[in-house]
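Participant: Before I ask anything, let me first share the structure, which is written out below as structure tokens.
The values are calculated or read from the model by the stated rules, or taken from the named source; none is laboratory data. Keep in mind the model is a prediction, meaning the values are calculated, not measured. A quick note on method: Cβ atoms are made from the backbone with ideal geometry, for glycine too, and the neighbour counts reach across all protein chains shown.
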Amino acid sequence: MNASERFDRDLGDMMAELAQPRFPDYFDEVLERAVAIRQRPAWTFPERWFPMGALTRRLPLLPALPARAIGMLLILLLLLTATVAIGVGALLLQQRPAPPFGLAANGLIANSQDGDIYTTDPRTGEVRLIVGGPTADFAPTFSRDGTHVLFIRGLQLEPQEVIAVMIADANGANLRALVEPEVAGELHWSALSPDGRLYAVANSAEGVPRLSVVDLATGARTPIDLPITVTEFEWTNDGRGLIFRGEDESSRSALYYVDADGADLRRLTDRAIGEGQFIGPFPISHDGRYLGYSSFGGNALYLHVLNLETDEVTAWLPVPSEGMATGWPAFSPDNERIAFINYSLPTSVEISAQAMVGPIDGSPTAAQPVGPLVRIPQSTRGLTVQFSPDATSLLITSDAGEVWLADLESGTYEPLDLPKDEFDLAWQRRAP
Amino acid sequence: MDQRILVERARGGDRDAFAVLARAAATRLDAAARLILLDREHARDAVQEALTRAWRDLPGLRDPDRFDAWLYRLLSNAAIDEARRRRRRVVEVEITAIDVSDHDDPIATFADRDALDRALTGLSPEHRALVVLHYYLGLSLPEAAAALGISLGAAKSRLHRAIGSLRRSIVETVDPALPAARGGQP
């Protein structure tokens, strides 16, 4: 054994001698503070379903809302997918509303940063603060007609977390509470119906999960009793029902449909696919025909497209090879394409993520890479994608805060200098 | 009780189970944090942050058998974050003199902890974290690389430089007359 090998062999012992390990006298105090916070719900962790193990680096949290921001994320991501065409905003309209679904003109991109709401014009790069001040505001999303911006306002953290859903004109004027302040509790998800008349919320009160629908005109709250724990949901495009991810007693998940009044509960997905662990977003296409979703099983992530009219899986983009994963779908407003993320494992410690765009009918061989191949050493979702309202480009964001805009015609892409916080960016739809 | 059972219970919100896990790891967490940060108070802050994140994020841990490595990752990240925040180094690691007279090869014995202490001070917190994860906490190099969010190639390169620097520092400290190449440094 040479000196170098002895060095390697003994360095650990030497370091132990140097540090003189001993039980820390501050342990009890540190432990007490650690367990005083609330744990994140398991399903909010991508690592629980992501086929690659290692992940550790924390998500950036809003300074004003340290641990709770994750809980807020649930609400907000909900709102992001909420498809909120606010009918009640007729008196507040400052511009011609865009159609709630289908092609529209590209508007501003909204995001939150340090508790304030900003918009950025992707054409000029102009950034505007639209809701500022000392309040903790985050996770903005535009109404489906593009006339309003909605976001979450954290009002109180202790002893109970209290939030309000706020609404304002798209330029930040006429700010008001859409939903009066309420105790968030273990809030799983909330969303407005596409016509803006109903507000659905799933939470756990005193450990009992519940789903309820609030009529915004009357304030009446209708509880929906289900034999399944609801974690996330999407309003159907016609606003008559909810598609939700539910977990049964064995914590196995599936996607279900239920009418807004609690009738016609039925399961949409077959648990046999991917062992029944359905994760990530499950968007509905603009024409309401398709439901995209991802399922995890057998150490891989699979992408599916379900035809809601026939209840058949009309497209299944299989995992191309061992060690790869495909998921996180998004539908184009022209109802012709689907975007998703392809993951691969080039090394044991890195993950490569690539946005792909293919035909909505699901031929995997026709899908083409779009935007940069991104390496993510510690994974969360890695990348997320959304089509521009006019369906000509793809907005790609990484969890590291990078943003790219890819032209779907030419295949070129360029970075966008957009502030990116832990919530997804929201792209405003405008009247064509 | 089996660690896996404890992790599963803690993952379900059992604070007592988490306390058992944290208590079992506390000594190594504290020592590792002090080695990375070279400061007792900062180390305490890093351990606090690591345990807080561990409790909060434990429901996301897929494999209970990976709890220790996962916790070490949290600790190293918390320590590096702490170092970046503080941007100052106060060496408080206790040093105990050891007689090195019986050893004819200062590199082979590594008996001079003061030399190692000074050598560690010369490394960045990121390099110290890698050395501590790999040599003190026993993580494999891929595991340590994943913990620090760097590629395996970067970890190898970084470790190569760190060990070379440590070796040179120790040689020069223990016996300035010795040629640096004696330790087989890069």
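Participant: If B:Asn77 satisfies all but one of (1) within 16 Å of the chain's Cα centre (by Cα); (2) crowded, with 24+ Cβ neighbours inside 10 Å, what's the number of the condition it fails?
Facilitator: Result: B:Asn77 passes all but (2).
Participant: If I ask for residues that are at positive phi and either among the aliphatic types (A, V, I, L, M) or under 13 Å from the mean Cα position of the chain (by Cα) (or both), which ones from the range B:133-149 would you list?
Facilitator: B:Gly138
Participant: Residues to consider are A:Leu91, A:Leu129, A:Leu108; find the one that is surrounded by fewer than 15 Cβ atoms within 10 Å (Cβ to Cβ) and modelled with pLDDT of 90 or more.
Facilitator: Values: A:Leu91 fails: modelled with pLDDT of 90 or more; A:Leu108 fails: surrounded by fewer than 15 Cβ atoms within 10 Å (Cβ to Cβ).
Among A:Leu91, A:Leu129, A:Leu108, only A:Leu129 is surrounded by fewer than 15 Cβ atoms within 10 Å (Cβ to Cβ) and modelled with pLDDT of 90 or more.
Participant: Restricted to the range A:303-323, and to residues that are among the polar types (S, T, N, Q) and either under 24 Å from A:Thr397 (Cα atoms) or in a loop (DSSP other than H, G, I, E, B) (or both), which residue is modelled with the highest pLDDT?
Facilitator: A:Thr310
Participant: For the range A:111-121, which residues satisfy the criterion of being assigned to a loop (DSSP other than H, G, I, E, B) and at pLDDT 90 or above?
Facilitator: In the first step, residues of the range A:111-121 are kept if they are assigned to a loop (DSSP other than H, G, I, E, B); the result is A:114-115, A:121.
Hit for the range A:111-121 is A:Asp121, nothing else.
Participant: Still on this structure: For the range B:53-67, how many residues meet the condition of being modelled with pLDDT of 90 or more and closer than 26 Å to B:Leu120 by Cβ?
Facilitator: The qualifying residues number 1.
Participant: Mind listing whichever residues of the range A:324-341 are modelled with pLDDT under 85, more than 19 Å from A:Leu405 (Cβ to Cβ) and buried (at least 22 other Cβ atoms within 10 Å of the Cβ)?
Facilitator: Within the range A:324-341, A:Ala325, A:Thr326, A:Gly327 meet the criteria.
Participant: Residues A:Ala205, A:Ala170, A:Ala200: which one is within 23 Å of A:Leu291 (Cα to Cα) and either in contact with a strand residue (DSSP E or B) (Cβ under 6 Å, 6 or more places away or on another chain) or modelled with pLDDT under 85 (or both)?
Facilitator: Of A:Ala205, A:Ala170, A:Ala200, the one residue that is within 23 Å of A:Leu291 (Cα to Cα) and either in contact with a strand residue (DSSP E or B) (Cβ under 6 Å, 6 or more places away or on another chain) or modelled with pLDDT under 85 (or both) is A:Ala200.
Participant: Oh, and also: Checking B:Trp70 against (1) within 9 Å of chain A (Cβ to nearest Cβ); (2) closer than 20 Å to B:Ser140 by Cβ; (3) surrounded by fewer than 17 Cβ atoms within 10 Å (Cβ to Cβ), which single condition isn't satisfied?
Facilitator: Failed condition: (3).
Participant: Please state which of the following conditions B:Val100 fails to meet, knowing it meets all the rest: (1) surrounded by 23 or more Cβ atoms within 10 Å (Cβ to Cβ); (2) among the hydrophobic types (A, V, I, L, M, F, W, C); (3) at pLDDT below 90.
Facilitator: Failed condition: (1).
Participant: Going by the conditions given, is B:Ala25 within 30 Å of B:Ala119 (Cβ to Cβ), more than 8 Å from every other protein chain (Cβ to nearest Cβ) and surrounded by fewer than 24 Cβ atoms within 10 Å (Cβ to Cβ)?
Facilitator: Yes: the conditions hold for B:Ala25.
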